[in-house]
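What follows is calculated from the coordinates using simple rules that are stated; it is not laboratory data. Since the model is a prediction, treat every value here as computed from it, not as a measurement. Methodologically, a virtual Cβ is constructed for each residue, glycine included, from the backbone with ideal geometry; neighbour enumeration extends over all protein chains shown.
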Amino acid sequence: MGWEPDRYLQFSDERLRPAMDLLGRVPLLRPGRIVDLGCGAGNVTRLLAERWPGADITGLDSSPAMLERARSVLPGVRFDQAGVEHWEPEEPLDLLFSNAALHWVGDHENLFPRLVDALFPGGVLAVQMPGNFDAPSHRLIRELAASPEWVGRVGQARMGAVLGMADYHRLLAPLCTRLSLWETTYWQGMSGPSPVLDWLRGTTLLPYLASLDESGQAAFLAQLEGRLAAAYPPDTHGTTLFPFRRIFIVAQR
């Protein structure tokens, strides 16, 4: 699955806002050791470095392209390439921050307790993930991928998943002194001829396009574009509203 920093950052303001909302709920004054888990191009890592300039911050991601971009914009921050599934910190952390990344990783039943275990007592796990997998945009992708024309080529692709909020409470409450869970739906006003498709190409569609050649990608996107246009028509001013639900977790050990 090849991440493209420029395409992902096409909607940088909209993608950054949930991270800023999450950051505002972190109840720490001077964390010493911070990891940005799934740091991508480093735009969220920059926020962490600006808020806590004296902290030892490491960005972690599996994408070489994203890490190259992150290192170019934040040369003073350490960035490591690793997958979350098998990552273990060298020392306990004060803050483990993850914005829009952990839905790509499976087995949350074991992952989230393991992440809390990586914290110092009093340390914080702060997570934001998409929670809109039942939205028309995502449903239409799955329906197209399961159609007879495409099921043999992209039918095994997955767009990530999250548990229910009650499940995260069940997993984390026994391990934490404080736990906050909430969700927010961002009503994003977007412009352009195919804004929802452009948004999805930066993230959700990557696993589906990865197994197709250039002509296959063009055909798949063309079919999806028509379905998305019907589900998300622009208003009379040319603005397309794209509601996007996100879930938030702040767990203090």
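Hey, what angle do you get for helix 136-145 against the long axis of the chain, alpha-carbon based, 0 to 90 degrees rounded to 10?
That works out to roughly 60 degrees.
Tell me, what is the percent relative contact order of the chain, built from C-alpha pairs under 8 Å that lie six or more residues apart?
23 percent
Using label points projected 7 Å from each Cα along Cα→Cβ, tell me how many nm separate S147 and E91, to one decimal.
Inter-label distance under the simple model: 5.5 nm.
Between A166 and S211, with labels modelled 7 Å along Cα→Cβ, what's the label distance in nm to one decimal, could you check?
Simple spin-label model gives 3.4 nm for this pair.
Karplus couplings for the range 61-76 from phi (6.51 cos²θ - 1.76 cosθ + 1.60, θ = phi - 60°), rounded to Hz, Gly and Pro as x?
Ordered by residue, 3J(HN,Hα) equals 7, 9, 9, x, 5, 5, 5, 4, 5, 4, 5, 6, 9, 9, x, x Hz.
Let me see the P(r) profile for the chain: every Cα-Cα distance counted, bins of 10 Å, each bin given as a percent of all pairs.
7, 30, 35, 21, 7, 0
For the chain, build the charge dipole from Cβ charges (+1 Lys, Arg; -1 Asp, Glu) around the Cα centre, then report which of S215, N99, A157 sits farthest towards its positive end.
Of the listed residues, the answer is N99.
Assigning unit charges at the beta carbon (Lys, Arg +1; Asp, Glu -1) and nothing else, what dipole magnitude in debye, to the nearest 20, does the range 96-153 show about its Cα centre?
In total the dipole reaches around 120 debye.
Amide H of G123 versus every other amide H placed in the peptide plane: which residues, excluding those fewer than 5 positions away on the same chain, fall under 5 Å?
R253
For a quick check: with amide H placed at 1.01 Å from N, whose amide H comes under 5 Å from L93's, ignoring anything fewer than 5 positions away on the same chain?
L119, F120
Where both residues lie in the chain, what percent of DSSP beta bridges are antiparallel, nearest 5?
Expressed as a percentage, antiparallel bridges in the chain total about 55.
Checking a compactness column here: for the range 197-253, what do you get for Rg(Cα) / (2.2 N^0.38 Å), N being the number of residues?
1.53
Can you list the HN-Hα couplings for the range 206-215, worked out from phi with the Karplus curve (6.51, -1.76, 1.60; θ = phi - 60°), rounded to whole Hz and with x for Gly and Pro?
Coupling constants for the range 206-215: 4, x, 6, 7, 4, 8, 10, 7, 4, 5 Hz.
Run lengths n ≥ 4 of DSSP H only: what is the helix-derived mean residue ellipticity at 222 nm for the chain, with -39500 (n - 2.57) per run over all residues, to the nearest 500?
Only helices count here, giving -10500 deg cm²/dmol.
Quick query: amide H of R246 versus all other amide H atoms, modeled in the peptide plane; which residues come in under 5 Å with a sequence gap of 5 or more or a different chain?
Excluding prolines and chain starts, which carry no amide H, the hits are G131, T184, T185, Y186.
Step through the residues of the range 173-186 one at a time and calculate ³J(HN,Hα) from phi using the Karplus curve (6.51 cos²θ - 1.76 cosθ + 1.60, θ = phi - 60°), rounding each to whole Hz and writing x for Gly and Pro.
4, x, 9, 10, 8, 9, 9, 10, 10, 7, 9, 9, 9, 8
Less than 9 Å Cβ to Cβ from V124, Lys/Arg counted +1 and Asp/Glu -1: what total charge do the surrounding residues give?
+1
If you place +1 on the Cβ of every Lys and Arg, -1 on the Cβ of every Asp and Glu, and leave all else neutral, what size is the dipole of the chain about its Cα centre, to the nearest 20 Debye?
It comes to approximately 520 debye.
Once the piece of chain linking L29 and D56 is laid out straight, how much longer is it, given 0.36 nm per residue of separation minus the C-alpha distance between them?
8.3 nm
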